[in-house]
Amino acid sequence: MGTPAFAVPSLRAVAAAGDDIELVLVVTGKDKPRKNRRSDPEPTPVKKVARELEVPVYEVEDVREERFAATVARYHPDVIVVAAFRILPPEVYGLARLGAFNLHASLLPRYRGAAPVNWAIINGERETGVTTFFLQKRVDTGNVILRETTPIGSEETAGELALRLSEIGAGAVVKTLELIRDGKAEVMSQDERLVTRAPKLTPENTRIDWVQPVDAICDFIRGLAPRPSAWALFQHRKVKIFRALPSSFHLPEAEEQAAVPGRVAVEQDRLYVMGLDGWVEVQELQMEGKKAMDAQDFCRGFRCDHECPAFS
């Protein structure tokens with residue numbers, strides 16, 4: 001059971017796992033417009049691959065509808081594998097004879113919630129990974145079966161890390177299936193004292209706070225890239241920022257002392273924004289109503305309607 005691209009490597013891995021692991025059904029979301037509301041409905045990434053693999057597909061809108069549980073029951077599953085899907089009710093995950101498990105993109109119990117990859121980077125973590133765990137009523141709280149760790153690159157974006165974790169996760173899914181098949185799954189309960197949260201990303205919690213250390217600002221930006229992206233206001237227009245790095249840039253001493261977080265400086269077609277303890281060099285951004293551009297293009301068309309332009 002899965003919907004987005006993150007689940008695709010796991011689907012392919014299960015399909016190729018061997019003759020004694022049989023993939024009997026793929027469950028995914030309904031076809032929807034993927035580009036904009038006016039575009040034609042498109043299958044989910046998981047559905048596209050399931051068709052390629054010639055595996056039966058069931059599309060579900062409401063996981064609590066009786067027909068969904070009845071359909072799953074007809075397949076008499078030994079195991080249900082969940083990767084980037086909905087919160088399943090017990091009536092569904094309880095149908096698996098040997099249990100239902102989820103692939104989560106963090107080292108549980110850290111980063112329980114909807115956006116674990118993003119928040120790990122935002123919070124400056126240097127290591128993360130994936131966890132498989134048996135489902136139970138409370139979300140992301142089940143007994144852990146397997147963890148796989150990986151370092152986070154110093155400039156790695158959430159999109160890049162999610163792609164790597166999807167591949168690492170595919171291997172973890174197959175290992176977990178093999179452990180369950182062989183009766184060797186030794187589970188561990190999660191330590192509630194170590195819980196951290198990874199809440200849903202919203203317009204409110206993705207806005208850049210420039211009154212932060214430079215490293216924290218850069219982690220925030222790459223932790224939200226490429227989607228939904230960190231954003232700020234510039235001259236009353238929303239600007240998405242996709243790439244930024246700490247910089248050793250300085251203004252002349254008098255200007256430097258007077259500068260405040262959010263202050264913009266342009267020098268030799270390079271764009272700098274002041275943080276709490278220094279400057280951030282913005283490298284890629286997108287003005288509201290425009291296409292994404294590199295900082296050089298932004299600087300060439302740079303205009304300000306007041307003396308000291310600033311992001312806010």
(request) Name the one entry in Trp210, Trp119 that is aromatic (Phe, Trp, Tyr) and either out of contact with any Pro (no Cβ under 6 Å at 6 or more places or on another chain) or farther than 30 Å from Ala244 by Cβ (or both). (result) Trp119
(message) I'm checking my understanding of the structure. Among residues of the range 186-201 that are closer than 19 Å to Asp140 by Cβ and charged (D, E, K, R), which one is most open to solvent (accessible area, probe 1.4 Å)?
(response) Arg193
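Yes/no per residue for (1) open to solvent by 40 Å² or more (accessible area, probe 1.4 Å); (2) more than 16 Å from Gly2 (Cβ to Cβ); (3) among the hydrophobic types (A, V, I, L, M, F, W, C); (4) out of contact with any strand residue (DSSP E or B) (no Cβ under 7 Å at 6 or more places or on another chain):
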| position | (1), (2), (3), (4) |
| --- | --- |
| Gly99 | no, yes, no, no |
| Ala105 | no, no, yes, no |
| Pro109 | no, yes, no, yes |
| Ala115 | no, yes, yes, no |
| Gly124 | no, yes, no, yes |
| Glu127 | yes, yes, no, no |
| Gln136 | yes, yes, no, yes |
(request) Any residue in the range 246-259 that's closer than 17 Å to Ala310 by Cα: show its pairings with residues that are open to solvent by 80 Å² or more (accessible area, probe 1.4 Å) and part of a loop (DSSP other than H, G, I, E, B) at Cβ separation under 7 Å, as long as the two are six or more apart or on different chains. (result) Glu256/His250
(message) If I ask for residues that are touching a Leu at 6+ places or on another chain (Cβ under 7 Å) and either open to solvent by 20 Å² or more (accessible area, probe 1.4 Å) or assigned to a helix (DSSP H, G or I) (or both), which ones from the range 56-68 would you list?
(response) Pro56, Tyr58
(request) Looking at (1) outside any loop (DSSP other than H, G, I, E, B); (2) in contact with a helix residue (DSSP H, G or I) (Cβ under 7 Å, 6 or more places away or on another chain); (3) under 27 Å from Ala13 (Cα atoms), find the lone condition where Asp219 falls short. (result) (3)
(message) Looking only at the range 111-137, how many residues end up being under 19 Å from Leu224 (Cβ atoms) and in a loop (DSSP other than H, G, I, E, B)?
(response) 7
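Residue-by-condition table, conditions (1) aliphatic (A, V, I, L, M); (2) without any contact (Cβ under 8 Å) to a residue 40 or more places away in the chain; (3) open to solvent by 50 Å² or more (accessible area, probe 1.4 Å):
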| position | (1), (2), (3) |
| --- | --- |
| Pro203 | no, yes, yes |
| Gln212 | no, no, yes |
| Leu271 | yes, yes, no |
| Met287 | yes, no, no |
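Name the single residue that is most open to solvent (accessible area, probe 1.4 Å) among those in the range 44-55 being among the basic types (Lys, Arg) and within 12 Å of Thr3 (Cα to Cα). Give the steps one after another, and end with the answer.
Taking the range 44-55 first, the residues among the basic types (Lys, Arg) are 47-48, 51.
Among the residues that remain, those that are also within 12 Å of Thr3 (Cα to Cα) are: 47-48.
On the way: Lys47: 15, Lys48: 103 Å².
Among residues in the range 44-55 that are among the basic types (Lys, Arg) and within 12 Å of Thr3 (Cα to Cα), the one most open to solvent (accessible area, probe 1.4 Å) is Lys48.
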(request) Quick one: in the range 273-285, of everything that is more than 15 Å from Pro309 (Cβ to Cβ) and more than 26 Å from the chain's Cα centre (by Cα), which residue is least open to solvent (accessible area, probe 1.4 Å)? (result) Gly278
(message) Restricting to the range 224-244, name every residue that is assigned to a strand (DSSP E or B) and open to solvent by less than 50 Å² (accessible area, probe 1.4 Å).
(response) Ala230, Trp231, Ala232, Phe234, Val239, Ile241, Phe242, Ala244
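Within the range 107-121, which residues are touching a helix residue (DSSP H, G or I) at 6+ places or on another chain (Cβ under 7 Å) and of a type in the set (D, E, K, R)?
First pass over the range 107-121, keeping only residues touching a helix residue (DSSP H, G or I) at 6+ places or on another chain (Cβ under 7 Å): 109-111, 117-118, 121.
Listed by number, the list holds a single entry, Arg110.
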(message) Given the criteria within 23 Å of Asp215 (Cα to Cα) and either in a strand (DSSP E or B) or open to solvent by 50 Å² or more (accessible area, probe 1.4 Å) (or both), does Gly183 qualify?
(response) no
(message) Taking the conditions exactly as written (modelled with pLDDT of 95 or more, assigned to a helix (DSSP H, G or I) and not small (Gly, Ala, Ser)), does Ile87 satisfy them or not?
(response) no
(message) Which condition from (1) in contact with a strand residue (DSSP E or B) (Cβ under 7 Å, 6 or more places away or on another chain); (2) under 26 Å from Ile145 (Cα atoms); (3) loosely packed, with under 12 Cβ neighbours inside 10 Å is the one that Pro41 breaks?
(response) (2)
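Regarding Glu148, is this residue open to solvent by less than 40 Å² (accessible area, probe 1.4 Å), outside any helix (DSSP H, G or I) and modelled with pLDDT of 95 or more?
Values: open to solvent by less than 40 Å² (accessible area, probe 1.4 Å): no; outside any helix (DSSP H, G or I): yes; modelled with pLDDT of 95 or more: yes.
Judged against the criteria, Glu148 is not a match.
The values are calculated or read from the model by the stated rules, or taken from the named source; none is laboratory data. Bear in mind the structure is a predicted one, so any value in this text is a computation, not a measurement. No Cβ is skipped: glycine too gets one built from the backbone with ideal geometry, and neighbour counts run over all protein chains shown. Each accessible area value is taken on the protein alone, full model and side chains, heavy atoms only, with ligands, DNA and RNA left out. Shrake-Rupley method; radii C 1.70, N 1.55, O 1.52, S 1.80 Å.
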